[in-house]
Amino acid sequence: MDPLRRSFLFMFSGLLTLSFMGCPGETPEAGPGANGGKKRIVLLTNGPDPFWDTCEAGAVTAEKELDLEGQGYVLSFERGDFTDKAQLDKLKQYNLKSDIVAVGISVYNPESAAIAREMKKLRDKGVKVICFDGDIDREQFRDARFAYLGTDNIVGGRELGRAAKAIHGEGAKYSFFVGSTSSANAVARMDGFVEGMGKSGEEMERLADGADKKKARENVEGALDRNADLNMLVGIWAYNTPQIVQVVKDRNLTDKVDVACFDAAEASIKAMGEGDVDVMVVQNPYQIGYESVKLLLAMVEGDQLTIDEYYPDYAQEGENDLFKTELRVVVPDGSPVKKEIFAKETVFMTYEEFKAWLEDRSLVSS
C-alpha cells in the first residue's frame, strides 16, 4: 500500500473513533442500548441505611414477580447521601437520560424548590414521578409528583406518643434525635408524637445530626448533660436508636430513661430483646419498595385499574393522592402498652410475635 493511501486510512479510522467517543467533556445520553434496549424504573432513597436494604429487597421481589425484564424494563435502586445536593445531582442526571421512564424519590428536603423543579421537569418530559417514604412539601410542590406512597408519618408519630404515654404516665420529659429536623417524615413523626403524648409530657429538644452517627451519639450525651430531668429519649430515624441505647447503657440509665423509637434496625430489635428499648413503631420498607415498583410500572403501562387500586378517588388534594403502607407497634413481652389505645388499622405485636414475623420473611430489620 502506498504511503499516501495508508495515511488517508489512518486519518479516517481516527475520525471514526472520535465520532463514537464524542466531544471531550461530554457524556452521551443513555439510550435504548445503554440497558440492552430496556427502559429504566428508578427508585432514589434519601441516603444509605439498612432500612433501605429491606426496601430494595421488596423492590427486587416486585421486579421479578412482575417480570419487568420480560416487559422491557430494568429496575435501578439508587441511594442518596442525606444531602440535598446528592438528590439534586441525581435528578439532573435523570433529566439528561432518554431511557428513564419512571422515578420514585424519598425526598430528603421537602422544601427544596430546586428538587421540586427537577421533578417537574421529569414529569414534563413524560416521566412518571412519585414520592415514597418521604414526600415533597405538599403545600408548595404537590404537583411535582403524581402521588405519595408510604407511611403516614403523622399517624406513626401519634401512635408512638400514645405508647410512650402508656409506658411513662405523667411527667415525661423527652427529646427527639433525628438526621434532619426539617425533613417531612421527621417533622410529621415528631409533631405526631407530641399530639399522642398530649399534656402528659413535655418536649425538651429536637436535635439533628445530619446522619452522622458520631454526632448522633454526641447529641444524646449533650441532651442528658443539659437536662438533668430528661427521662425519655425518642429515636426518629433507624440509626438513632442504637446510638441512644449505647449512651443509656454506658451511663447506667436503663432503669431511669425510657427509649421509644421509629423503625426496627437490627441493633434496635436486639436491644428490645435485652430490655433496652420500650416501644418501636415499625414501618414496612419491604412493602414500600414492592408497591412503589408495582405502581410505577402501572403508570408507565397506563394500567388505570391498578392505579385506581392505590388511589380510588385520586386528586391532588387532601389525602386523595396518598397511599398508606402498613404500620405496626412493637413492645416487649409484658409491656403495659395495650392494643386498645391504637387506631384499628395499626398492627400491634409483642417482641416475640415480631421476631416470628421477620423470620417468616427472612428479614433481620424493618
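Which is in contact with a Ser or Thr (Cβ under 6 Å, 6 or more places away or on another chain) and surrounded by 21 or more Cβ atoms within 10 Å (Cβ to Cβ), of 149, 160? Outline the logic, then answer.
Numbers: 160 fails: in contact with a Ser or Thr (Cβ under 6 Å, 6 or more places away or on another chain).
It is 149.
What is the one condition in (1) open to solvent by less than 10 Å² (accessible area, probe 1.4 Å); (2) more than 17 Å from residue 183 (Cβ to Cβ); (3) small (Gly, Ala, Ser) that residue 106 does not satisfy?
(2)
Search the range 351-362 for residues that are touching a residue at least 60 places away in the same chain (Cβ under 8 Å) and open to solvent by less than 30 Å² (accessible area, probe 1.4 Å) and pair each with any residue that is in a helix (DSSP H, G or I) and of a type in the set (A, V, I, L, M, F, W, C) when their beta-carbon atoms are under 9 Å apart and the residues are at least 6 apart or on different chains.
Pairs found: 354/269; 354/272; 358/269.
If you scan the range 188-225, which residues turn out to be part of a helix (DSSP H, G or I), touching a residue at least 12 places away in the same chain (Cβ under 8 Å), farther than 22 Å from residue 46 by Cα and open to solvent by 80 Å² or more (accessible area, probe 1.4 Å)?
Across the range 188-225, the qualifying residue is only 195.
Can you tell me which residues in the range 243-285 are outside any loop (DSSP other than H, G, I, E, B), under 22 Å from the mean Cα position of the chain (by Cα) and of a type in the set (Gly, Ala, Ser)?
260, 267, 268
In the set 350, 346, 306, which member is modelled with pLDDT of 95 or more, within 18 Å of residue 154 (Cβ to Cβ) and hydroxyl-bearing (Ser, Thr, Tyr)? If you could, list the steps in order and put the result at the bottom.
Details: 350 fails: within 18 Å of residue 154 (Cβ to Cβ); 306 fails: within 18 Å of residue 154 (Cβ to Cβ).
Just a single option satisfies the conditions, and that option is 346.
Please go through the range 39-64 and give me each residue that is open to solvent by less than 50 Å² (accessible area, probe 1.4 Å), at pLDDT below 95 and assigned to a loop (DSSP other than H, G, I, E, B), ordered by number.
Of everything in the range 39-64, those that are open to solvent by less than 50 Å² (accessible area, probe 1.4 Å), at pLDDT below 95 and assigned to a loop (DSSP other than H, G, I, E, B) turn out to be 46, 47, 49.
As an exercise: evaluate residue 83 against (1) open to solvent by 20 Å² or more (accessible area, probe 1.4 Å); (2) closer than 26 Å to residue 238 by Cβ; (3) touching a residue at least 40 places away in the same chain (Cβ under 8 Å) and give the number of the one condition it does not meet.
Only one criterion is unmet by residue 83, namely (3).
Do we have residue 120 as over 21 Å from residue 184 (Cβ atoms) and open to solvent by 30 Å² or more (accessible area, probe 1.4 Å) here?
no
Return a yes/no flag: does the range 286-309 have any residue that is crowded, with 22+ Cβ neighbours inside 10 Å, in contact with a helix residue (DSSP H, G or I) (Cβ under 9 Å, 6 or more places away or on another chain) and in a loop (DSSP other than H, G, I, E, B).
Among the residues of the range 286-309, not one is crowded, with 22+ Cβ neighbours inside 10 Å, in contact with a helix residue (DSSP H, G or I) (Cβ under 9 Å, 6 or more places away or on another chain) and in a loop (DSSP other than H, G, I, E, B), which makes the answer no.
Considering 330, 337, which residue is at pLDDT 95 or above, in a strand (DSSP E or B), under 22 Å from residue 284 (Cα atoms) and of a type outside the set (Ser, Thr, Tyr)?
Working: 337 fails: in a strand (DSSP E or B).
None of the others qualify; the one that does is 330.
Exactly one condition in (1) in contact (Cβ under 8 Å) with a residue 40 or more places away in the chain; (2) open to solvent by 10 Å² or more (accessible area, probe 1.4 Å); (3) in contact with a helix residue (DSSP H, G or I) (Cβ under 8 Å, 6 or more places away or on another chain) is false for residue 182; which is it?
Answer for residue 182: the failing condition is (3).
Here are some conditions: (1) in the same structural domain as residue 255 (by the TED database); (2) modelled with pLDDT of 95 or more; (3) surrounded by fewer than 17 Cβ atoms within 10 Å (Cβ to Cβ). Residue 126 meets all but one. Which one does it not meet?
It is condition (1) that residue 126 fails.
Residues that are among the β-branched types (Val, Ile, Thr) and in a loop (DSSP other than H, G, I, E, B): does the range 161-180 have at least one?
The answer is no, given that none of the residues of the range 161-180 is among the β-branched types (Val, Ile, Thr) and in a loop (DSSP other than H, G, I, E, B).
The values are calculated or read from the model by the stated rules, or taken from the named source; none is laboratory data. Note that the structure is a prediction, hence the values are computed from the model and not measured. As a convention, Cβ positions derive from the backbone with ideal geometry for all residues, glycine included, and neighbour counts pool all protein chains shown. Accessible surface is based on the protein model in full, side chains and every heavy atom, while ligands, DNA and RNA are left aside. Shrake-Rupley method; radii C 1.70, N 1.55, O 1.52, S 1.80 Å.
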